[in-house]
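Okay, structure first, notes after.
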Amino acid sequence: MPQYFNEAVNVATNQADNGGQDAPANHTEVEINQLHRSFSPSYNIPPTRTSLIIYKTKENPTKFVLEPSTFGLLPFWAKPNDPSSVSRQNESGPKYSKEIQGLAARYFNCRKESLDMSVWKSARHSRCVVPIEGYFEWQKSKTDKVPYFIYSKKRPLVFLAGFYSHNTNYQGKDPAYQDSYLSTFTILTGSAQKSDTKDLSWLHPRKPLMLLPGTKAWDDWLNPEKEWSNSLVETCLDTHKSIAYVDLTWHTVSKSVGNPGFNSEEAIKEVKSSPQKSISSFFQTAKRPESDGSPRKRIKREEDGTKKEEKEVEKRQGSVKNEHSGKKEDSVKKEHSVKKEDSVKEGNGSKGNIKKEQ
């Protein structure tokens, strides 16, 4: 993961050395603003976690600033009713209230179609890019959800278009007495269509908006002196023809990425997904081969055998009557009852086998 930070610095440095399209060469610089937090890159960044952002300021429009920032935009004017800070597990950086955390969690994505909302209007002039190795997206079906990791097959990082905010009210103090600010950001998203430069619509109907270093879209988006306009949106936030998507590729990953605690290199490693069976497949009846040994034919043969046995029993009963007709009545009855009991037992035994087979 140190490579991630180094690559982000290299990109900003190279852009600084090149001067961009709007800045003269040799008049740019890079600042790494750690605020008062030690930045540790992560393999799994849900809302309210820390990532890195890159931006410029009007005070020094030729300087690239790299800054740790919280994922989920808190408008600069937002102020908590209860500023009491809460524990944020092992997260570094300033402590803030649950109310502030809730607001930030609401605004982690900005839809391109919603740029006229008041919360986004206040952030239009604070534009940034978010350097990442890739992002996770879940493909949903009627029976399953499969996570994918989307990344560049040629570049170590991709860059998402975003807005950032510096809030000095997050501790409930007067800004004049505030010794720090809370840095937060959001990423912009747009529709995904089959006709795009890179079709991602099969995966999800939306996608994050990307920018490619060294392009006019990159320079205009990060130029703090560029006023917000429809032209800026068309140039920088083109969701269909942007070349920033051209070399994207993807693979399936572990479903454990849905757990924010799953934060290791295993999160981005390829995991082959097995096809999910439809629930109807569990109720399908298996086909039985047509053969002489099939249960249906066995039952028929046993039924035939049972009828034959019953006829033989009746025949024996008749012969017993003829043979003993001159004997005493009690002797005939006793012998006849024994024979009848035997025949009943034999008949019941055959019927029992048929029932079991059925």
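Tabulated data
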read-out	value
Residues of region 229-276 that turn out to be of a type in the set (Ser, Thr, Tyr) and more than 21 Å from residue 45 (Cβ to Cβ), as a count	7
Tally of residues being touching a helix residue (DSSP H, G or I) at 6+ places or on another chain (Cβ under 7 Å), closer than 30 Å to residue 144 by Cβ and surrounded by fewer than 20 Cβ atoms within 10 Å (Cβ to Cβ) across region 197-238	2
Qualifying residue in region 80-93 (condition: buried (at least 18 other Cβ atoms within 10 Å of the Cβ), modelled with pLDDT under 90 and either in contact with a Cys (Cβ under 9 Å, 6 or more places away or on another chain) or part of a loop (DSSP other than H, G, I, E, B) (or both))	yes
Matching residues, region 186-196, being hydroxyl-bearing (Ser, Thr, Tyr) and buried (at least 17 other Cβ atoms within 10 Å of the Cβ)	186, 189
In region 94-130, residue modelled with the lowest pLDDT [restricted to those that are of a type in the set (Lys, Arg) and more than 16 Å from residue 228 (Cβ to Cβ)]	95
Residue count for region 190-208, restricted to those that are touching a Lys or Arg at 6+ places or on another chain (Cβ under 7 Å) and either closer than 13 Å to residue 129 by Cα or small (Gly, Ala, Ser) (or both)	4
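The values are calculated or read from the model by the stated rules, or taken from the named source; none is laboratory data. Keep in mind that what you see is a predicted model, and the values were worked out from it rather than measured. Cβ coordinates were reconstructed from backbone atoms using ideal geometry, including for glycine residues, and neighbour counts include every protein chain displayed.
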